[in-house]
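Scroll down for the structure; my scribbles are underneath it.
Read-outs: derived from the displayed coordinates by stated rules, not from any lab. None of these values were measured; they are calculated from a predicted model. Glycine also receives a Cβ, built like all others from the backbone with ideal geometry; neighbour counts cover every protein chain displayed.
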Amino acid sequence: MINKQLQVLKQQHALLAQFIIRLSVFYQGYSRAIDEELQTLRSHLGGAANFALAQVSINKLNTMLQEDGGVLRRFKADTLQSVEGAAKALLAFTGQDSANPLLINTISQARKPAESLYDVTQLCVQTITLYSQATNTLSAPVGVAVKNHQPNQLPSPQKLLLALQEELIQLLDSYQNRQPDNLELGKLKQKVTQGLSNEELLNVCLTLLRLIVKDSMQEAIISGKVIQSLHHSLGNLHQGLSQSIEQAHLSFSSREEDSRTVRKALIKLEREVAGSDSFSALKTQTQQQLKQVDNALQKREEKDRREQHALTEQLEQLKAQVAELESKTRYYRNRLARQVATSQTDPLTKLPNRQAYNEHLRRLLNDKGIAEQSLCLAVVDVDHFKSINDKFGHAAGDKTLQVIGSHLRQALDKNDFIARWSGEEFVLILPGLNAKSLKQKLERLRTRLTELPFKFKQDRLTVTASFGGTCIRHGEDPDAVFERADSLLYQAKRAGRNCVVTDKDDV
Ligand SMILES: Nc1nc2c(ncn2[C@@H]2O[C@H](COP(=O)(O)OP(=O)(O)OP(=O)(O)O)[C@@H](O)[C@H]2O)c(=O)[nH]1
């Protein structure tokens, strides 16, 4: 019986020793004091076991674990709070899509009390993953960064870089349009579209800036020359006119002088007639005086002829100078008109650009007649456009944009306005519509677009677009209207694309 009891005790002792070894392995490295105490306990229980000392050691361990339990609970709560804070900061800083399941899961888990340390560790790992996703997105080259369509939730640095990229492409396009043989511009555009690191992007900005400065200097020199030449022509014209006026004065004085001579001869004749008593003497004197008058009149006639000739010549000269001036101002006016047209036209699609859109909308809003009727705005964005570029090349993408742009323009009414906003995005200004007719009109445009027969290499493809449309409210800021239309477009994208979302739609 005692043997059996001894046997059981030995087994329990071995089990306890094994448990303590496992516990030591588990806790190894957690706390030096606990590590050492567990080692002491193991030595008390090994060989000829000393249970009294083992009990002392167990009591010490008990107290240590109790204290550590409290520390651990506080640590767990603090860590959960930090994880939640970090996830929220991540959301606010990078504007990560709030629909990101990992982010939502992390925030909601961090709000609950953790069951174990493993939960906390897992949460920390999740948060680190989110951070690394965010830093990857932020440091991705601009061209390959995925465009987030929710305008208000775009990560700000990324939003900035995308906007910069779009601006650069537009600028490069307009310069390429003016300087089609400039190979450097072509290369720069290719680089920007393919995606650049921040440093490369800065270099492109710098190159473009130099180009713009050079161009403006040239423009200034040309304008200076034109103004100088206009000034010169005006000077000539002024001189010619002054000469004509001076000539007219001289001619007037000389005419007066001649008239005086004739008048004198006539008075003299009159006196001689009155004082003469001999008919033959009177005849002789009269003949002499008349000869003098005739001479004076002949001289006058001759002078008149000369003056007439000089005047005609001067007038011819003035006419030529005025014609030259006219042609110079016409040239300069046309040049300016061309510059304005170029600066307001998108070089790829030949549609009005963003600047033209801003001016057109401002004009409409200031025009009382139009402002009183309903004015609507729509933003159109080609769906999955990137995949066209990726599959068929950038040139095919360009062609697609040209076809879509010209198709949309043709499908619009006379008073409607279309501009290329940027990339694959167009903006429409549609007067005289209400919410219902706006929706119908956009639906018609959307359907007609899907019917366009696109052929890429051998593939026949349907290209679709998403539409966001809204009516301008009285006195509303144009930027706010655009933002609203853009966020409706975003809803259309989220609803699966190839659809129209207007103000009162529930998606
Ligand atoms: N060929 C060409 N591509 C352009 C031009 N401007 C912008 N892009 C490209 O258009 C693509 C737009 O891609 P995303 O913003 O991801 O949009 P998407 O692929 O249309 O997708 P969703 O809008 O979400 O349906 C980017 O790859 C740009 O590089 C351009 O003038 N010509």
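On average over all directions, what projected area in square nanometres does segment 200-350 have, based on the convex hull of its Cα atoms?
Values: hull surface 55.0 nm².
Mean projected area for segment 200-350: 13.7 nm², to one decimal.
Using Cα-Cα distances under 8 Å and only pairs 6 or more residues apart, what relative contact order does the chain have, in percent? Before the final figure, lay out each step's value.
Numbers: 483 pairs, mean separation 49.7, N = 507.
Once divided by the residue count of the chain, the mean separation gives 10 percent.
Could you work out the local net charge near L196, counting Lys and Arg as +1, Asp and Glu as -1, over the other residues with Cβ closer than 14 Å to its Cβ?
Working: positive: K187, K189, K191; negative: E166, E167, E199, E200.
Local charge sum for L196: -1.
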What is the P(r) of the chain, as percent of Cα-Cα pairs per 20 Å bin from 0? 14, 27, 18, 16, 13, 6, 3, 2, 1, 0, 0
For segment 451-459, in order, what is each residue's ³J(HN,Hα) by Karplus, 6.51 cos²θ - 1.76 cosθ + 1.60 with θ = phi - 60°, in whole Hz (x at glycine and Pro)? 8, 5, x, 8, 10, 10, 6, 9, 8
Amide H of L452: which non-local residues (sequence gap of 5 or more, or other chain) have their own amide H closer than 5 Å, using H built in the peptide plane? none
Cα convex hull of segment 408-507: how many Å³ per residue? 111
Note, segment 102-111: 3J(HN,Hα) by Karplus (6.51, -1.76, 1.60, θ = phi - 60°), whole Hz, Gly/Pro = x, goes 5, 5, 4, 4, 4, 5, 6, 5, 5, 6
Kirkwood-based shape ratio for segment 237-317, expressed as Rg/Rh from alpha carbons: 1.23
Taking placed amide H atoms and a strict 5 Å upper bound, the residues 5 or more places from A49 or on another chain that come that close are none
Ordered by residue, what ³J(HN,Hα) values in Hz, to whole numbers, does segment 472-485 give under the Karplus form 6.51 cos²θ - 1.76 cosθ + 1.60, where θ = phi - 60° and Gly and Pro are x? 6, 8, 4, x, 7, 6, x, 5, 5, 5, 4, 4, 5, 4
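Please tell me which of these pairs span more than 30 angstrom C-alpha to C-alpha: K187/K391; K399/K439; K350/K391; K455/K504; K76/K493? Walk me through the numbers before you get to the answer.
Details: K187/K391 20 Å; K399/K439 28 Å; K350/K391 25 Å; K455/K504 36 Å; K76/K493 41 Å.
Checking Cα-Cα distances, K455/K504; K76/K493 exceed 30 Å.
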